[in-house]
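Input: a single structure, listed below in structure tokens.
The values are calculated or read from the model by the stated rules, or taken from the named source; none is laboratory data. As the structure is a computational prediction, the values presented were derived from the model and not from experiment. Cβ atoms come from the backbone with ideal geometry, glycine included; neighbour counts cover every protein chain shown. These area figures cover heavy atoms from the full protein model, side chains too; ligands, DNA and RNA do not enter into them. Shrake-Rupley method; radii C 1.70, N 1.55, O 1.52, S 1.80 Å.
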Amino acid sequence: MPADTDSTTTLSESESKRLLASFGVPIAEERLAPDPDAAAEAAEAIGFPVVVKLNGDNIAHKTERGLVRLDLGDADAVRRAGADLLGLATAEDGEVALLVAPLVRGSRELIAGLATDPQFGITVMLGVGGILAEAIGDVVLRMVPIDRIDADDMIDDLATQALLAEFRGEPPVDRDALAAVLLGLSAAAEADPRIVSADLNPLIVSDGRPIAVDALVEVRD
Amino acid sequence: MPTLDQFRALFEPRGVVVAGASTHPGKFGFVSLHNLLSAGYQGKVFATNLAGEEVLGIQTVPSVLDIPEGEADLVFVCTPSAANPQLLRDCASRGITAAFITSAGYGEAGDEGRAAEEELVALAEELGMLIAGPNGQGVVSTPVGLCAQIVAPNPPAGRIGVASQSGNFVSSFMNFGVASGIGFSRGISAGNAAMTTVADYLEYYGQDPATAVGLAYVEGLTDGRGFLERLRGVTAHKPVVVVKGGATSGGQRAAASHTGSLATDDRVFDGACRQAGITRAKTIDEAFDAAASFATQPLPRGNRVVVLTTAGGWGVVTADAIAQTSLELITLPEDLLAQIDTKLPPRWSRNNPVDLAGGETRDTIPEVMAMVAEHPDVDAIIYLGLGIQSNQAKLMRTGSFYPDHGLERIVDYHERQDARFAQAAAEISERTGKPILTATELAVADPENAGPATVRATGRMCYPTSHRAVTALDHMWRYARFRSRRAG
């Protein structure tokens, strides 16, 4: 079914993450805070440094709008960032809150997701992420549902295999964990036919383990 | 989906009627009857012609109703589209259950044509008749000597079953077959595929004992997922090779105007093929090579390859080609090295590629080939250098000194040797159940050379370059791996 003939809604980042995490997709721990003080408290609990983002149902392009604050080292920094972000919210954003998450470090970024093709229906996608992702165009896709053999094949089919091996002092990518991301996406799409697309971008490889630090799920109304 | 009985009527008819036979050698109604008769079809041949003229020695009749009942299963339709509904009714009354329709003026010809096509399909369903086409080039079935086509060629008999959305690619594949000696079991152009689609034919080939591998050209798919799901049922027990037009946006624009299909991201099609165990080839020659290999070589049990060569450079380039694939150029095991040492002078490569370095005596090549093939750590061999001796022999035979100066004897010896080597490759492959692919440009540069000629005589393909052999073997290994992983 072509996605463009239906009207769709994008879930908020935290709702998107909750949905995908329930199918085993590894998501960085995070908390929602209504105000800057609560955000600072959440950051203390998570441990510094943290990331603070503005979260809301109608917010899709956070980075473009400057709604992400990275590498905040203490409670004061979190409070200041939180106040800033709330000030940037517009009426169209609807109900907003502050999303606090640990800063996930890793020099490698992947992308993974779900996409609907007019011929083949919903598909699982894995690709090389980062700022050069589009230029590199190293992406593999499979029809939902996939099994572990398909997931392993997808990982093997990426052209940039060097990125999956030991890299700049970081261990090789944990293939079981990466397969679990793909299988989780497939399971989510199978279980919830409302899903039209999903984006885990980036999927940061931290200490060899892929962790989604951002997620957006688009559902059919 | 047509029934097995209907497919039998199409591919193994007891008799064929050419409807609309013509006395004019430029018309389809003449050419198809000519091809049918010339190819040595084993069943009865009838033809209709409004004037009841004699064509190519066949006394035509004005109507299908003049043909005895139960003697023909297939009608090959060259009549104008307006005449076809009555024709099909008449055919059904004579017990005919399959029709190949070459007539144009259907789905490809605007709204009116589309309506006519829908009516034709509804009528065929009512009559219990299979329709191939319309607007197709023809059907080939070598087990019964059937070549009912409005174009050449008549391919050699073999085990490839081809189905194509574009009739000219049936011809292309079969021309490769004529050139390489690798034959076909069945071949059909789906034309507008009004009732019977490429997936239908491939599913039939999956059940057809005469066919070892399906080969298809597709352009537009109206239901990609359905197509792949159906082919998955075939690849579970038989390989299917697909080449798809419209992989780029430029190609997609061309395909949309040709077959009216929806564009899809090529990477999705690629991934779906991987999931379904379909061998996807980038080009027509790559597709043919893969199908020819599936049809004539045993499936490899692993990816460990040894290259056997009589010259260094060929081996190096082949090693490079292997490095780009899922195949592995293995390090030679110690015991195999020691075995080969007993057959070659010390200057041989002692490495993979096994470069015989010109150290061969009369029996070296077959002996070393057998040692390598029999080793449990080796899954496949690529053999290079066949035909060099016969190439020199040709120059000697056609030169001004022949047959004096001992030339007659050496020419004979060279040609015998290359023939032996080619035979050894086939015999050792059969005995060990491991693929041995022979590659030399002489396959196309001089097909009559005793080397490639003997490879063809053993029923195998002589690959024109080692790169093509490597690519074909890679496809075979990927499919073998799919089968072993998906077993049970």
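Of the solvent-accessible surface of the range A:52-203, computed with a 1.4 Å probe over protein heavy atoms with every protein chain present, carbon and sulfur atoms account for 53 percent.
Average accessible surface for chain A: 44 Å² per residue, computed with a 1.4 Å probe over protein heavy atoms with every protein chain in place.
Residue by residue, the range B:275-287 carries 3J(HN,Hα) couplings of 4, 8, x, 7, 7, 9, 9, 7, 10, 5, 6, 5, 5 Hz when phi is fed to the Karplus relation 6.51 cos²θ - 1.76 cosθ + 1.60 (θ = phi - 60°); x denotes Gly or Pro. Once the mean of 1/r is taken over each pair of separate Cα atoms and inverted, the range B:67-205 shows a Kirkwood hydrodynamic radius of 15.2 Å. Comparing B:482, B:444, B:454 along the charge dipole axis of the range B:334-488, the residue lying farthest to the positive side is B:482, per the Cβ-charge model.
Report relative contact order for the range B:1-152 in percent, whole number only (criteria: Cα-Cα under 8 Å, sequence separation at least 6).
Working: 320 pairs, mean separation 41.2, N = 152.
Rounded, it is 27 percent for the range B:1-152.
Charging the Cβ of each Asp and Glu at -1 and of each Lys and Arg at +1, and nothing else, the dipole of the range B:1-136 about its Cα centre rounds to 420 debye.
Within the protein assembly as shown, how many Lys pairs sit with Cα atoms under 30 Å apart, leaving out pairs fewer than 8 places apart on the same chain? Lysine pairs satisfying the spacing and distance rule in the protein assembly as shown number 11.
Would you calculate, for chain B, the mean residue ellipticity at 222 nm contributed by helices, counting each DSSP H stretch of 4 or more residues as -39,500 (n - 2.57) and dividing by all residues, to the nearest 500? Dividing the helical sum by the residues of chain B leaves -14000 deg cm²/dmol. Solvent-accessible surface of the range B:298-485, averaged per residue with a 1.4 angstrom probe and all protein chains in place: 44 square angstrom.
Ignoring everything except DSSP H segments at least 4 long, calculate the 222 nm mean residue ellipticity for chain A; use -39,500 (n - 2.57) per segment, divide by total residues, nearest 500. Each step should come with its number before you reach the end.
Values: 7 runs with 69 residues, N = 221.
Roughly -9000 deg cm²/dmol at 222 nm, from the helical runs in chain A.
Toward the positive end of the charge dipole of chain B, about the Cα centre and with charges on Cβ (Lys, Arg +1; Asp, Glu -1), which of B:83, B:283, B:357 goes farthest? Checked the options; the winner is B:357.
If one computes P(r) from the Cα atoms of the range B:298-485, what percent of pairs lie at distances over 31 Å? Show your work: numbers first, answer last.
Numbers: 2628 of 17578 pairs.
Of all Cα-Cα distances in the range B:298-485, 15 percent exceed 31 Å.
Annotation: per residue accessible area for the range B:32-100 equals 43 Å², rounded to a whole number [probe 1.4 Å, protein chains only]. Per residue, the convex hull spanned by the alpha carbons of the range B:1-136 comes to 99 Å³. A simple rule links phi to the HN-Hα coupling: the Karplus curve 6.51 cos²θ - 1.76 cosθ + 1.60 with θ = phi - 60°, which for the range A:76-88 gives 4, 4, 5, 4, 5, 4, x, 5, 4, 5, 5, x, 8 Hz, with x for Gly and Pro.
Given contacts defined as C-alpha pairs under 8 Å and at least six residues apart, what's the relative contact order of chain B, whole-number percent? It would help to have the intermediate numbers written out before the result.
Working: 1040 pairs, mean separation 52.6, N = 488.
The value is 11 percent.
A P(r) calculated from all alpha carbon pairs of the range A:1-121, with 5 Å bins opening at zero, reads 2, 10, 19, 21, 19, 14, 8, 4, 3, 1, 0 percent. Computed over the protein assembly as shown, the quotient of the alpha carbon radius of gyration and 2.2 N^0.38 Å is 1.19. In this calculation the C-beta distance from residue A:86 to residue B:485 is compared with R0 = 35 Å, giving a FRET efficiency of 0.10.
Once the Cα-Cα distance is subtracted from the 0.36 nm per residue extended length, the residue B:402 to residue B:363 segment shows a gain of 11.4 nm. Relative to the dominant Cα principal axis of chain A, helix A:36-46 is inclined by about 50°. Coupling constants for the range B:383-393 follow from the phi torsions by the Karplus curve (6.51 cos²θ - 1.76 cosθ + 1.60, θ = phi - 60°), and in residue order they are 10, 10, x, 5, x, 4, 5, 5, 5, 5, 4 Hz; glycine and proline get x. The tail of the calculated P(r) for chain A beyond 32 Å holds 19 percent of all Cα-Cα pairs.
Treat the range B:155-296 as a sphere of radius equal to its Kirkwood radius over Cα pairs and apply Stokes-Einstein at 4 °C in a medium of 1.567 mPa s; give the translational diffusion coefficient in µm²/s, rounded to a whole number. Show your work: numbers first, answer last.
On the way: Rh = 14.8 Å.
The estimated diffusion coefficient comes to 88 µm²/s.
Ligands, DNA and RNA left out, the accessible area of the range B:298-485 computed with a 1.4 Å probe is 52% carbon and sulfur. Ordering B:104-114, A:41-51, A:60-70 by mean Cβ neighbour count within 10 Å, with the highest value first, yields A:41-51, B:104-114, A:60-70.
The largest-to-smallest principal axis extents of the Cα set in chain B are 79, 56, 39 Å. The calculated pair-distance distribution of the range A:31-102 uses every alpha carbon pair, bins of 10 angstrom beginning at 0, and gives 24, 58, 18, 1 percent.
Rounded to the nearest 0.05, what FRET efficiency do residue A:7 and residue B:222 give with R0 = 30 Å and r taken as the Cβ-Cβ distance? Could you check? Present the calculation step by step, with values, prior to reporting the outcome.
On the way: r = 25 Å, r/R0 = 0.83.
About 0.75, to the nearest 0.05.
Under the convention that each Lys and Arg Cβ holds +1 and each Asp and Glu Cβ holds -1, the size of the dipole of chain B around its Cα centre is about 920 debye.
Highest mean first, what order results for A:94-102, B:209-217, B:478-486 on Cβ atoms within 10 Å? Mind showing how you got there, number by number?
Details: A:94-102: 20.7, B:209-217: 23.0, B:478-486: 17.2.
For the peptides A:94-102, B:209-217, B:478-486, the packing ranking is B:209-217, A:94-102, B:478-486.
Using a 1.4 Å probe and counting only protein heavy atoms, how much accessible surface gets buried when B and A come together, both sides summed, in Å² to the nearest 100?
Working: alone 20210 and 10640 Å², together 29010 Å².
The B and A chains share an interface burying roughly 1800 Å².
Loop only by DSSP, 14 or fewer other Cβ within 10 Å of the Cβ. Give me the GluC sites (Glu not before Pro) in the range A:122-221 that pass, ordered by residue number.
On the way: sites: A:134, A:166, A:190, A:218; in loops: A:166.
When the GluC sites (Glu not before Pro) of the range A:122-221 are filtered for loop state and at most 14 Cβ neighbours within 10 Å, A:166 remain.
Taking the Cα centre of the protein assembly as shown as origin and assigning +1 to Lys and Arg Cβ atoms and -1 to Asp and Glu Cβ atoms, the resulting dipole is close to 2200 debye.
Among the residues of B:271-277, the average count of other protein chain beta-carbon atoms within 10 Å of the residue beta-carbon is 6.
Plugging the Kirkwood radius over Cα pairs into Stokes-Einstein for the range B:49-127, at a temperature of 4 °C and a viscosity of 1.567 mPa s, what D comes out in µm²/s?
Numbers: Rh = 13.4 Å.
Approximately 97 µm²/s, per Stokes-Einstein.
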